[in-house]
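The values are calculated or read from the model by the stated rules, or taken from the named source; none is laboratory data. Everything numeric in this text was worked out from a predicted model, so none of it was measured. Here Cβ is always computed from backbone atoms with ideal geometry, including for glycine, and neighbour counts include all displayed protein chains. Accessible surface is based on the protein model in full, side chains and every heavy atom, while ligands, DNA and RNA are left aside. Shrake-Rupley method; radii C 1.70, N 1.55, O 1.52, S 1.80 Å.
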Amino acid sequence: MTSWTANDLPDLTGRTVVITGAGRGLGLITARELARAGAHVVLGVRDPDKARHAVADLPGTFDIRPLDVSDLTSVRAFVDAWSGGIDILINNAGVMDIPAARTADGLDLQTTTNYTGPFLLTTLLLDHITDRVVHVTSELHKQGKIDLDDLDWRTRKHNGMQAYQASKLAVVLFSLELQRRLTAADSPVRSVLASPGIARTTLAAHSRSNVINRLTFLTNAPERGALSLLYAATQDVPGNSYVGPDGLGGFRGSPTVRRQGKAGLDPAIAGRLWDTTTGLVGAVAR
């Protein structure tokens, strides 16, 4: 069987795609390929000037808008300024294994960037979305543990890697509960997960885990890692599908539909996490 590549993308003329964190790395590659296929791509980024420079010489149509998913005021401002439909929302922005820090809203920075902010963005934009939401997660969600009594790391001793793993598990559970709600509402919108495997990007450049980027036989080049996002965004896969590389352990390879970890398939925890997160973001004043 021939491996799926970006050359297999369908014609996306007339489609609108919003991608967070698309000014560099996997997000920029994904934006580039979707625009090449004809989509109108909206980049939600923290630094619009850098993003404009990044796409200046690329073919296609791009719209650059300020969006910092770690700042809930920024998320709400992005949503308030939005009009019209969105075919595909790709929640790509993320950080990995960073020191303990609090956002302007007083929330854990890593959890908010990877999960809480995208949760708020997605739920507020949902009435605009017509096709699907793609959540970028990680194989490391399988090592994650959710503490619903301390989702925001206020009472536990902070551990950067554990916080990362937990945030990526939260993303997987978010997709599960979102799809349940969409199905119950007879909505045609799908919630889909994408893991790039271990892609050689700057995401972990500051972390001890960055050593794995030197092991090229275990990792995906960024161009190949982005294929999981492109596949999840454009192919006819069932709701709550988990798209990742087809190689051993999901570390590298070509995109295929895999299976998320067992902890990410617990509907009771997913429902409780939704309620907890709703309360958390609701407690932050507009």
Original post:
When Ile212 is evaluated against the numbered criteria (1) of a type in the set (A, V, I, L, M); (2) within 21 Å of Ala93 (Cβ to Cβ); (3) modelled with pLDDT under 95, which criterion, by number, is the only one it fails?
Top reply: (2)
**OP:** May I ask you to list the residues in region 238-269 that are closer than 19 Å to Gly144 by Cα, among the hydrophobic types (A, V, I, L, M, F, W, C) and assigned to a strand (DSSP E or B)?
**Re:** Val243
**OP:** Would you be able to say whether some residue in region 222-229 is open to solvent by 20 Å² or more (accessible area, probe 1.4 Å) and without any contact (Cβ under 8 Å) to a residue 24 or more places away in the chain?
**Re:** no
Subject >> Asp186 being of a type in the set (D, E, K, R) and on the phi > 0 side of the Ramachandran plot >> reply: yes
**OP:** Can you tell me which residue within region 38-60, out of those that are among the charged types (D, E, K, R) and without any contact (Cβ under 8 Å) to a residue 12 or more places away in the chain, is most open to solvent (accessible area, probe 1.4 Å)?
**Re:** Asp57
**OP:** Identify all residues within region 164-188 that are farther than 19 Å from Thr278 by Cα and crowded, with 20+ Cβ neighbours inside 10 Å; write none if there are none.
**Re:** Tyr164, Gln165
Subject >> One residue from Asp63, Asp11, Asp57 being part of a strand (DSSP E or B), out of contact with any Leu (no Cβ under 6 Å at 6 or more places or on another chain) and over 21 Å from Phe119 (Cα atoms) >> reply: Asp63
Subject >> Of the criteria (1) surrounded by 19 or more Cβ atoms within 10 Å (Cβ to Cβ); (2) over 16 Å from the mean Cα position of the chain (by Cα); (3) assigned to a strand (DSSP E or B), which one Ala35 fails >> reply: (3)
**OP:** Tell me which of these Arg24 doesn't satisfy, since it passes every other one: (1) modelled with pLDDT under 95; (2) closer than 17 Å to Asp131 by Cα; (3) among the charged types (D, E, K, R).
**Re:** (2)
Original post:
If you check Val17 against the conditions, is it out of contact with any His (no Cβ under 8 Å at 6 or more places or on another chain) and open to solvent by less than 10 Å² (accessible area, probe 1.4 Å)?
Top reply: no
